[in-house]
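The values are calculated or read from the model by the stated rules, or taken from the named source; none is laboratory data. On a predicted model such as this, the values are computed, not experimentally measured, just so you know. In this analysis, Cβ positions are derived from the backbone assuming ideal geometry, glycine residues included, and neighbour counts consider all displayed protein chains.
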């Protein structure tokens with residue numbers, strides 16, 4: 001080594017030693033604690049706050065290090081005595097030689113412990129940190145910039161924050177939030193190099209009371225040149241719990257997030273790789289264990305967000321879950337355009353509880369101030385609903401065990417967050433297809449609307465099976481238990497439905513109907529109306545009902561049946577056909593009340609019916625009369641083997657109902673054997689009947705039915721129905737009929753004597769009894785008698801003069817002439 005270089009190096013070494021000695025001497029002679037009061041005074045001057053400083057440490061070689069303990073910064077005026085900030089210990093250092101000779105900043109690990117931060121907002125909205133965040137004047141900023149130190153690099157060995165906390169309280173809302181047990185550890189921080197981060201904290205909220213423990217680990221790689229931030233080996237764990245947070249109930253959740261993310265700060269984009277989210281939680285009576293996987297792409301500058309290949313799987317358990325526990329899987333592609341307030345969920349598929357649902361849902365108006373709208377196709381593949389119903393605890397027995405085995409749905413959905421509508425709907429239940437539209441205009445108001453068509457359905461298949469002996473007992477007259485039962489007025493008044501339902505073929509309660517049409521209209525508080533029309537058994541039925549709401553709801557009911565074949569109708573309805581014929585019925589009723597008893601008492605209206613060419617089975621009027629006649633004659637063992645059937649050609653009746661009492665004074669039935677009239681009343685309130693039927697044996701008795709009744713021709717035989725309207729007592733007064741027969745026979749005998757007297761009188765007077773070989777009728781005889789009397793009294797001339805004049809009306813003067821022989825009968 002040449003001497004000049006050797007001397008140079010020795011000189012540099014001496015300088016360094018002298019500099020180090022000087023710094024050591026300065027550190028020894030200079031005590032920063034002597035300036036604590038000066039520093040506190042300067043802070044007080046600048047901020048108006050008190051500053052307390054504990055021990056201040058200073059080292060200069062080989063590290064320029066500073067430390068402080070027990071630092072307390074006072075609160076802003078009017079925010080209480082609790083300090084704004086406290087620091088238990090702070091420590092930082094810089095390597096001296098790299099700073100002096102290379103302008104490199106090599107910082108030791110920055111340590112901070114015991115931080116306590118108190119952030120407050122008062123009732124007027126003022127906070128306690130605004131005064132500390134004031135910007136410097138522009139002049140100072142320029143001076144700072146001009147006097148800056150040009151660093152070639154900055155390396156920090158790491159950051160350590162421990163045992164720290166912060167709290168925020170808002171006097172306006174009465175809510176407060178707190179971060180406790182804050183800890184942060186990082187690896188070495190060098191520009192362009194990745195570093196590890198570990199963060200942990202506990203977050204606490206006051207209303208509702210909730211807390212969460214967070215633990216985060218990841219590797220951060222930030223490239224300043226490209227503004228790219230990469231998070232790899234991301235592992236986030238969150239354990240949260242709350243009191244009365246989920247539907248007013250306690251809840252807790254464990255969340256785990258893993259994967260990797262890239263943030264392009266220049267382009268304002270975020271992308272993820274292998275992102276997975278696991279969630280376990282309990283709340284609202286549910287216990288969930290789920291996992292979410294997706295590739296997220298977000299352009300937060302353009303407010304565009306996408307989740308491709310989204311798959312959500314897991315199990316949900318709880319009392320409200322079918323079977324207590326159900327696996328589920330949701331998949332699809334999700335996108336949201338925040339600028340347009342539009343979303344799309346495409347290739348959506350949901351599998352849960354045996355259901356396989358597929359959909360593509362799009363939405364608009366989802367941004368702030370918009371009107372949300374959702375729409376798209378939805379379909380449910382055919383499935384057996386019985387297992388699901390069993391899991392739900394729904395026990396449903398059907399008359400047909402093979403019913404309710406297949407359900408499917410396809411429709412176009414449209415709606416909002418408060419309404420739903422299904423159009424072009426194709427719903428299949430077993431062999432039945434229902435098409436059309438169904439919707440809820442308002443979820444809260446339960447406002448339904450529909451326009452549905454069903455091809456064919458046998459409703460009896462879905463009714464509970466009938467058990468042997470499961471017949472309802474006949475209600476006793478005035479049954480209070482039945483009368484006190486409430487009408488479904490509350491449900492009807494709340495009904496909010498408008499629309500139509502058409503059914504091609506319907507079987508219900510054994511009845512077969514076709515072309516059924518149901519119309520509903522009404523809203524809560526308004527008149528509820530239902531109209532039904534259908535074709536059945538060769539005829540038509542029309543039924544309308546209108547209910548007017550109120551404390552005592554009113555009802556108006558109208559039922560019309562035309563050309564109904566009674567026999568097959570009754571056969572299907574009750575299993576037998578006691579009446580046959582072609583029937584027409586018209587019933588118009590109105591009433592009011594809240595119970596069945598009140599309804600019956602206020603019932604008023606009219607009814608009428610007409611049945612043609614029919615028969616009543618199980619009752620033979622002719623047999624009944626013959627048996628009664630035999631009984632009166634002393635034959636107690638009289639029997640017949642003929643079928644108990646009473647034929648009729650026409651059967652009509654009309655009635656009025658006044659305050660629950662049906663009164664009928666017009667009943668007319670005709671058959672080859674009988675003519676029947678009747679009158680009486682049925683008390684619907686007390687469920688009693690008092691009705692008198694008046695059958696009369698006509699003179700045109702023919703065939704076997706008239707055998708043995710020849711003596712009762714033209715006789716009215718009173719039959720009275722009385723007692724319980726469901727089990728009336730039937731009494732036949734044949735004795736009165738026979739008394740009537742005796743009277744009629746006497747009248748016939750007297751009429752015969754009358755005819756003999758007329759013949760003798762005619763013979764004496766020379767009045768002919770025949771004309772052209774035919775007997776003269778009564779009117780002709782009267783005319784001949786009048787002419788003869790005129791000849792005797794006034795002579796031929798008078799008679800001839802009087803002949804052109806019209807004869808006096810024969811009807812009225814003839815009556816006394818006919819009665820004279822009857823009056824003269826006793827003289828005979």
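Can you tell me which residue within region 438-449, out of those that are surrounded by fewer than 18 Cβ atoms within 10 Å (Cβ to Cβ) and in contact (Cβ under 8 Å) with a residue 24 or more places away in the chain, is farthest from residue 505 (Cα to Cα)? It comes out as 444.
Taken over region 302-322, residues that are part of a strand (DSSP E or B) and buried (at least 17 other Cβ atoms within 10 Å of the Cβ) amount to 7. If you filter region 342-362 down to residues that are touching a helix residue (DSSP H, G or I) at 6+ places or on another chain (Cβ under 8 Å) and at positive phi, you find that the one that is surrounded by the fewest Cβ atoms within 10 Å (Cβ to Cβ) is 354. In region 575-592, is there at least one residue being part of a helix (DSSP H, G or I), modelled with pLDDT under 95 and in contact with a helix residue (DSSP H, G or I) (Cβ under 7 Å, 6 or more places away or on another chain)? Within region 575-592, none of the residues are part of a helix (DSSP H, G or I), modelled with pLDDT under 95 and in contact with a helix residue (DSSP H, G or I) (Cβ under 7 Å, 6 or more places away or on another chain).
Just to be sure I understand, how many residues within region 512-536 are part of a loop (DSSP other than H, G, I, E, B) and at negative phi? Adding up the residues that qualify gives 4. Filtered by the rule that a residue be part of a loop (DSSP other than H, G, I, E, B) and touching a helix residue (DSSP H, G or I) at 6+ places or on another chain (Cβ under 6 Å), region 537-567 gives 537, 549, 553. Annotation: residue 124 fulfils all but one of (1) within 58 Å of the chain's Cα centre (by Cα); (2) in a helix (DSSP H, G or I); (3) free of Cβ contacts under 8 Å to residues at least 40 places away in the same chain; the unmet one is (2).
Within region 571-595, being in contact with a strand residue (DSSP E or B) (Cβ under 8 Å, 6 or more places away or on another chain) and more than 27 Å from residue 618 (Cα to Cα) holds for 588, 589, 590, 591, 592, 594, 595.
Looking only at residues in region 599-624 that are within 30 Å of residue 549 (Cβ to Cβ) and surrounded by 19 or more Cβ atoms within 10 Å (Cβ to Cβ), the one that is modelled with the highest pLDDT is 603. One residue is enough: does region 363-370 have a residue meeting the conditions surrounded by 18 or more Cβ atoms within 10 Å (Cβ to Cβ) and not in a strand (DSSP E or B)? Yes.
Do we find a residue being surrounded by fewer than 18 Cβ atoms within 10 Å (Cβ to Cβ), modelled with pLDDT under 95 and either within 18 Å of the chain's Cα centre (by Cα) or farther than 26 Å from residue 495 by Cβ (or both) anywhere in region 422-430? There is no residue in region 422-430 that is surrounded by fewer than 18 Cβ atoms within 10 Å (Cβ to Cβ), modelled with pLDDT under 95 and either within 18 Å of the chain's Cα centre (by Cα) or farther than 26 Å from residue 495 by Cβ (or both). When restricted to residues that are within 20 Å of residue 608 (Cβ to Cβ) and touching a residue at least 60 places away in the same chain (Cβ under 8 Å), region 666-692 contains 1. Listed conditions (1) over 25 Å from residue 340 (Cβ atoms); (2) surrounded by 16 or more Cβ atoms within 10 Å (Cβ to Cβ); (3) at pLDDT 95 or above are all met by residue 299, apart from (1).
Looking only at region 323-334, filter to residues that are surrounded by 17 or more Cβ atoms within 10 Å (Cβ to Cβ) and modelled with pLDDT under 95; which one of those is farthest from residue 349 (Cα to Cα)? Going through the qualifying residues, I end up with 326.
Among the residues in region 523-536, are any within 18 Å of the chain's Cα centre (by Cα), within 30 Å of residue 582 (Cα to Cα) and surrounded by 15 or more Cβ atoms within 10 Å (Cβ to Cβ)? No: region 523-536 contains no residue that is within 18 Å of the chain's Cα centre (by Cα), within 30 Å of residue 582 (Cα to Cα) and surrounded by 15 or more Cβ atoms within 10 Å (Cβ to Cβ).
State yes or no: is residue 255 out of contact with any helix residue (DSSP H, G or I) (no Cβ under 7 Å at 6 or more places or on another chain), surrounded by 16 or more Cβ atoms within 10 Å (Cβ to Cβ) and assigned to a strand (DSSP E or B)? In short, yes.
Do we find a residue being over 23 Å from residue 234 (Cα atoms), outside any loop (DSSP other than H, G, I, E, B) and in contact with a helix residue (DSSP H, G or I) (Cβ under 6 Å, 6 or more places away or on another chain) anywhere in region 323-340? Yes, because at least one residue in region 323-340 is over 23 Å from residue 234 (Cα atoms), outside any loop (DSSP other than H, G, I, E, B) and in contact with a helix residue (DSSP H, G or I) (Cβ under 6 Å, 6 or more places away or on another chain). For region 49-115, the strands (runs of 3 or more DSSP E) that sit wholly inside it and include 2 or more residues that are modelled with pLDDT under 90 are 56-59, 63-73, 85-95, 104-107. Within region 601-629, residues that are on the phi < 0 side of the Ramachandran plot reach partners that are at pLDDT 70 or above and in a helix (DSSP H, G or I) with beta carbons closer than 8 Å, at six or more positions or on different chains, in the pairs 611/566; 614/566; 614/567.
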